[in-house]
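Asker: Please see the structure below; I have some questions.
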Amino acid sequence: MIRQLRLALPLALIAAAPAFAQEGAGTVTGTLDLNDARWVVAGAGADPASTWREADGVYEIRLVATPEAGGPADSGSLTIDITAEAGATEAEVVSARVAMQGEGRNYIAEGENVDLSLTAVEPEGSDIAIAGSVVATMTPGGARGLVVETETGRTLDGNFQATVPARESGADAQDG
């Protein structure tokens, strides 16, 4: 019963996502380098689109998001790749990668430079509803090892929620 109550609010927010996402599949909201930022998650029909699939007992989820109109001029398109245990409503994250294209550079965070947690994961037919939070310290081209401070990097601290369509058969994951 408690588990059902804990899921009710995040799932209600996910169900309402398309209405608030300006025709997108969801949103990523938070801060980019301590400035308010908001992205619209690309849905089916977008190029590139957000996608998901289940393989070998894990969910592979890709959120592709573009900056919302009127947001910070230096926020670029955002890609969040998540691998999580399949079958669990509060799926354990196996790995996560965050990439942002902006200012003529590719900023990447992975490994210990990404702290991502999922509050809801719910397959619904061929779609999956997902919600969670992410903190990422991105560096140009990505960095090996923990990045504590960076003068040339970007820091994302946000929440995401989206309803993502299944990846088409035979489609390979896109590089971020």
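The numbers here are math on the coordinates, done by the rules we state, and not lab data. Remember, predicted model here, so these are calculated numbers, not experimental data. With ideal geometry, Cβ positions are generated from the backbone for all residues, glycine too; neighbour counts draw on all protein chains shown.
Asker: Report the Cα-based extents of segment 47-172 along its three principal axes, largest first, to the nearest Å.
Answerer: 43, 31, 26
Asker: For GLY142, enumerate residues with amide H under 5 Å from its amide H, sequence gap 5+ or separate chain, H modeled in the peptide plane.
Answerer: ILE108
Asker: Across segment 26-31, in residue order, what do the Karplus-derived ³J(HN,Hα) couplings come to in whole Hz, using 6.51 cos²θ - 1.76 cosθ + 1.60 with θ = phi - 60° and x for Gly and Pro?
Answerer: Per-residue couplings from phi come out as x, 9, 10, 10, x, 10 Hz.
Asker: May I ask for the net charge around GLU110, where only other residues with Cβ less than 12 Å from the Cβ of GLU110 are counted and Lys, Arg are +1 while Asp, Glu are -1? Present the calculation step by step, with values, prior to reporting the outcome.
Answerer: Working: positive: ARG97, ARG144; negative: ASP81, GLU112, ASP115.
Summing Lys/Arg as +1 and Asp/Glu as -1 gives -1.
Asker: I've got another one for you. Counting other beta carbons within 10 Å of each Cβ, put THR155, THR27 in order, fewest first.
Answerer: THR155, THR27
Asker: Treating only the Cα positions of segment 93-145 as identical point scatterers, give the base-10 log of I(q)/I(0) from the Debye formula at each q in 0.16, 0.19, 0.22, 0.30 Å⁻¹.
Answerer: -0.56, -0.70, -0.81, -1.08
Asker: What distance in nm separates the simple spin-label points at SER77 and ASP56, each placed 7 Å from Cα in the Cβ direction?
Answerer: 2.7
Asker: Taking the Cβ of each residue in SER117, SER50, SER126 as the centre, tally the other Cβ atoms inside 10 Å and list the residues starting with the fewest.
Answerer: By the 10 Å Cβ count, ascending: SER126, SER117, SER50.
Asker: How would you rank LEU156, LEU34, LEU116, LEU78, going from fewest to most other Cβ atoms within 10 Å of each one's own Cβ?
Answerer: The fewest-first ordering by Cβ neighbours comes to LEU34, LEU116, LEU156, LEU78.
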